[in-house]
Structures are given as structure tokens and as C-alpha cells.
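The values are calculated or read from the model by the stated rules, or taken from the named source; none is laboratory data. All of these numbers come straight from a predicted model, not from anything done at the bench. Cβ placement follows ideal geometry from the backbone for every residue including glycine, while neighbour counts extend to all protein chains displayed. Quick note on the areas: whole protein, heavy atoms, side chains included, nothing else; ligands and nucleic acids left out. Shrake-Rupley method; radii C 1.70, N 1.55, O 1.52, S 1.80 Å.
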Amino acid sequence: CATLAVVAATDWAQEVPSGQLLTLEEVLIDTVGAETWLRFRFLAPQIAREGGDVSWADAEADFTHLCETTARPYLAEHDLEPDVIVITLMDRAVAFGQAAPAATQFIEAFRIHNNACIWEAF
């Protein structure tokens with residue numbers, strides 16, 4: 001069973017390599033088994049299936065960019081050392097863990113190794 005804690009997400013908006021402007025919706029601390037996962041959840045309206053113009057391939061570089069420019073500094077600022085960092089792009093606000101069949105979400109995971117974000121295949 002996962003335990004969630006919300007960590008304060010300051011007002012944050014950033015343009016990413018795909019050209020879309022993202023807004024940080026929330027940061028969650030999630031316990032998965034024996035690991036601590038830190039989840040960064042971003043609103044990315046341009047990934048919507050209907051009316052969106054950013055595909056998975058277009059957004060792929062955004063994940064590493066967000067891990068390096070948002071997650072790593074956040075870890076340092078809040079003195080956190082998670083086992084896994086999860087970056088979620090969602091076209092609309094979706095409550096964590098809730099089904100939302102109409103929503104589009106892209107999700108990638110990373111581990112920090114030698115002070116760099118390393119993609120973690122699911």
C-alpha cells in the first residue's frame with residue numbers, strides 16, 4: 001500500500017524542449033514497497049488526444065529536461081533523497097491513483113546516479 005505526502009509545489013511554469021509550456025501541478029512522496037518515489041506531476045494541455053499538437057515523440061526530451069532542471073534542484077532545496085523520480089505529463093488535472101479514461105498522461109521514471117538523471121525503464 002502506498003503512502004502519499006504532498007510536498008509544496010511553488011508557482012512554476014516552464015517551456016520545455018518540445019516547445020510546450022508546462023505548469024507544475026503537484027509533487028508527491030510515494031512509498032512503493034521499500035522505495036521512496038518522488039512524483040512530479042505537470043499539466044501539459046498540448047498532449048491532449050483531441051486538439052493537442054505534442055506527441056509522445058515530441059515530448060520525449062522533456063522528461064530528462066524536467067528531471068535535470070526541476071527535480072534535481074527540488075531534491076537539493078528540500079533535502080530529499082528518493083530512490084525513484086517519476087515525471088508525469090497530463091493534459092488535465094487528474095487525482096493521483098484515480099482512473100481518468102479521457103485524460104492523456106505520459107509517464108517516465110528516473111534514478112539519480114552520479115548526480116545525473118538516469119532513465120529507468122518500467
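Distance between the modelled labels on residue 35 and residue 79, one decimal in nanometres: 2.5 nm (7 Å Cα→Cβ projection).
Expected output is a single nm value to one decimal: the length gained when fully extending between residue 55 and residue 92, i.e. 0.36 nm times separation in residues minus the C-alpha distance. What is it? Can you show the working numbers first?
Numbers: separation 37, 0.36 × 37 = 13.32 nm, distance 1.54 nm.
Extra length from residue 55 to residue 92 when fully extended: 11.8 nm.
Rolling a 1.4 angstrom probe over the protein heavy atoms with all chains in place gives the chain an accessible area of 55 Å² per residue. Against the chain, whose longest principal axis comes from its Cα atoms, helix 56-66 is set at around 30 degrees. Would the range 70-122 count as rounded, prolate or oblate if I go by the C-alpha gyration tensor, calling it rounded below 1.5 in a/c and otherwise prolate when a/b exceeds b/c, oblate otherwise? Prolate is the answer for the range 70-122, as a/c is 1.5 or above and a/b outweighs b/c.
Using Cα-Cα distances under 8 Å and only pairs 6 or more residues apart, what relative contact order does the chain have, in percent?
Averaging sequence separation for qualifying contacts and normalising by length gives 22 percent for the chain.
Pairwise alpha-carbon distances in the chain exceed 16 Å for 59% of all pairs.
Descending by average beta-carbon neighbour count within 10 Å, the peptides 20-26, 92-98, 54-60, 40-46 line up as 40-46, 20-26, 54-60, 92-98, the highest first.
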